[in-house]
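Derivation of every value follows stated rules applied to the coordinates shown; laboratory data play no part. The structure displayed is predicted, hence computed values, not measured ones. Virtual Cβ from ideal backbone geometry, glycine too; neighbours counted across all protein chains shown.
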Amino acid sequence: MKIVTRDVPPRTAWALEQAGVHPLLARLYAARGVRDREELDDTLARLLPPATLKGATEAATLLADAIQRDHKLCIVADYDCDGATACAVGIRGLRMLGARHVHYLVPDRVVDGYGLTPPISRRVKDSGADLLITVDNGIASVDGVALARELGMQVLVTDHHLPGAELPQADVIVNPNQPGCTFESKHMAGVGVMFYVLLALRAELRARGVLDPATQPKLDALLPLVALGTVADVVKLDANNRRLVAQGLKRIRAQSMPEGLRALFQIASRDPTRASAFDFGFALGPRINAAGRLADMTLGIELLLTDDASRADELARLLDGINRERREIEGDMRAQAMDIVEQLYDPEKEAPSALCVYDPDFHEGVVGIVAARLKDKLHRPSFVFAASRAPGHEGELKGSGRSIPGFHLRDALDLVSKRHPGVLLRFGGHAMAAGCTIAQSHFEVFERALDEVAREWLDAATLTRRIETDGALPPEYRRTDIVDALAREVWGQGFAPPTFGEEVEVLSQRLVAEKHLALKLRHQGQPVDGIWFGRAEPLPPARKRVKLAFRLEADEWQGVRRLRFLIEGAEL
């Protein structure tokens, strides 16, 4: 492992500080590409205008006409947290703006697969819908959209995924990544796209005289859901996404949120008045996602739609139980996967450049999480496969992969498909995450082919894990109020949370709960506690000083808050 320090443009950091930004935050922001204080303005007025998002104006016209004609609208959602929040935002927002007949349909991960398939379109038609709206999917659903229109429905596609060579022939497509869209934020989550469509619809209804500027519905009530879906989908937090998340967090901290979110904070033992993006990514999001992985995402969507506190509490408890089951399955699968890796790959020989793991007992709803854990632990592109349980797809394996910087996973699959025609039945994804379906009989062929590509593309430097840090922590900032100040900001994908890296003295170390390393450290002359979650191996006793990468946390015990270091890695 190599611990490196981000470059900090000194003039930019100085300019931010002169503009009134806290000196530490000025340094952190400058290292993340922020050039002036205006980029840090998170007010709603600074959001990119909806009219600049291709298709948003046309979508507003389509929806306004449907509402005025009292048409039936059906949202087809995806089965992850982004899809669930996008669905809830769409239903809540459309009802706020006058739609009387809005319902939704969410595919089953196992039975239906991903996206708007022709059978889903037929089910939507059978429900009596006049207008079909996709959220967080649809840009690749050429056949599903074609059938929907053949059946007499209008189709609005709202999505954020990269389009393929052929676009679906929908009435309107809203996607910042579609050809010809000049919208500056290419990283909006599906929930953000739906929120922008609602903003455009409200403007259209104002122009028609249906709404009055003084009394129109306040769509900012939807921002807590937009923030949750944006963070949970791990999209890049560019300036516009950070504004959406910041605005959602402000409302949650002020206790203004849907009952479902309030119940999730409570069941996760998190304080909403101190809500952070971390809560979305590691406490609330996984509980919503668990429904789509192991059960039915309808549970998650219903939680986000209910305004009844007791019903919200009931659903949150149900989702918490499903998430506990998901963690148990994931833990078992991860242990099995590591056993398989150790059995197949001799540690005394050259390690494979890519990992492929399959076991008949693996659950397809959790393969992506396990692939991510393997990738994190071994720093190799990793694919985990499970047997397909979908009717008519017996003998097929569904795989989910996660990658490391420098290895574009989707492009690697494309190359495998060209070199070994017929091995990949279906595949898709992007640089860091991808999925594919293969015949079980082709598993070993795929395994060899992916490793071959990885050996060609990856070198020793790429295969060495790197942790980017913000350098040494000035001792004057080793305080709990600094922890609180950092927690109030929006950090996440593409805008990494502050991580510091420097040599410290290891005074003592002990194992906690058989899987966490508790450390007593001396940092720049002062003692400080450290905790390394998930590491059972002690640091080498001969090394009194070691270079660590760490984040800051305020640990509370018996009413006293103390700062401690959360260890991310060590350069040994």
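Values for this structure:
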| quantity | calculated |
| --- | --- |
| Histogram of C-alpha separations across the chain, 10 Å bin width, % | 3, 16, 26, 28, 18, 8, 2, 0 |
| Alpha-carbon Rg/Rh ratio, for region 163-255, with Rh computed the Kirkwood way | 1.02 |
| Reach of K218 by Cα under 24 Å, taken over lysines that are not fewer than 8 positions away in the same chain | K54, K72, K250 |
| Given charges at Cβ of Lys, Arg, Asp, Glu: the chain dipole, positive-most of P258, V416, A386 | P258 |
| Protection proxy ranking, peptides 198-210, 546-558, 233-245, average beta carbon neighbours within 10 Å, highest first | 233-245, 198-210, 546-558 |
| Residue exposure sequence - R478, R69 - by fewest surrounding Cβ within 10 Å | R69, R478 |
| Highest-first arrangement of 355-365, 284-294, where packing means the average Cβ count within 10 Å | 284-294, 355-365 |
| Under 9 Å, Cβ to Cβ, from L548 - net charge with Lys/Arg +1 and Asp/Glu -1 | -3 |
| Mean shadow area of region 170-329, taken as a quarter of the surface of its Cα convex hull (nm²) | 11.3 nm² |
| Per residue Cα convex hull volume in Å³ - calculated over region 44-319 | 118 Å³ |
| Residue-by-residue Karplus 3J(HN,Hα) for region 177-192, coefficients 6.51, -1.76, 1.60, Hz, glycine and proline x | 9, 6, x, x, 8, 9, 4, 5, 8, 8, 10, 4, 6, x, 5, x |
| Share of Cα-Cα pairs in region 345-457 lying beyond 17 Å, as whole percent | 49 percent |
| R0 of 60 Å, Cβ-Cβ distance D143-R535: FRET efficiency to nearest 0.05 | 0.80 |
| Rounded, prolate or oblate (a/c below 1.5 giving rounded, otherwise prolate when a/b exceeds b/c) for region 178-230 by Cα gyration tensor | oblate |
| Cα extents of region 264-398 along the three principal axes, largest first (Å) | 58, 41, 18 |
| Lysine pair number, Cα distance threshold 24 Å (strictly under), region 416-572, separation 8 or more or different chains | 4 |
| Relative contact order for region 345-457, counting Cα pairs under 8 Å that sit 6 or more residues apart, in percent | 24 percent |
| Ratio of the Cα radius of gyration of region 462-527 to 2.2 N^0.38 Å, where N counts its residues | 1.35 |
| J(HN,Hα) series, region 228-245, from Karplus relation 6.51 cos²θ - 1.76 cosθ + 1.60, nearest Hz, glycine and proline x | 4, x, 5, 5, 5, 7, 6, 7, 5, 8, 6, 4, 5, 5, 5, 5, 4, 5 |
| Phi to ³J(HN,Hα) by Karplus 6.51 cos²θ - 1.76 cosθ + 1.60 over region 66-81, Hz, x for Gly, Pro | 5, 5, 5, 8, 6, 6, 8, 10, 10, 9, 9, 9, 9, 9, 10, 5 |
| Length added when fully stretched, D414-M1, from 0.36 nm per residue minus Cα-Cα | 145.7 nm |
| Theoretical ellipticity at 222 nm over the chain - DSSP helices of four or more residues, -39500 (n - 2.57) apiece, nearest 500 | -12000 deg cm²/dmol |
| Computed over the chain: relative contact order in percent, which uses C-alpha pairs under 8 Å that are six or more apart | 12 percent |
| At 1.002 mPa s and 20 °C, Stokes diffusion of region 51-101 via Kirkwood alpha-carbon radius, µm² per second | 181 µm²/s |
| Highest to lowest packing among 422-431, 408-417, scored as the average C-beta count within 10 Å | 408-417, 422-431 |
| Sequence-separation-based contact order of region 507-572, relative, with Cα cut under 8 Å and 6+ spacing, percent | 28 percent |
| Gap separating the Cα centres of region 412-457 and region 97-113, nearest whole Å | 32 Å |
| Between region 384-404 and region 49-72, the Cα center-to-center distance that results, in Å | 38 Å |
| Taking all pairs of distinct alpha-carbon atoms in region 446-562, Kirkwood radius in angstrom | 16.9 Å |
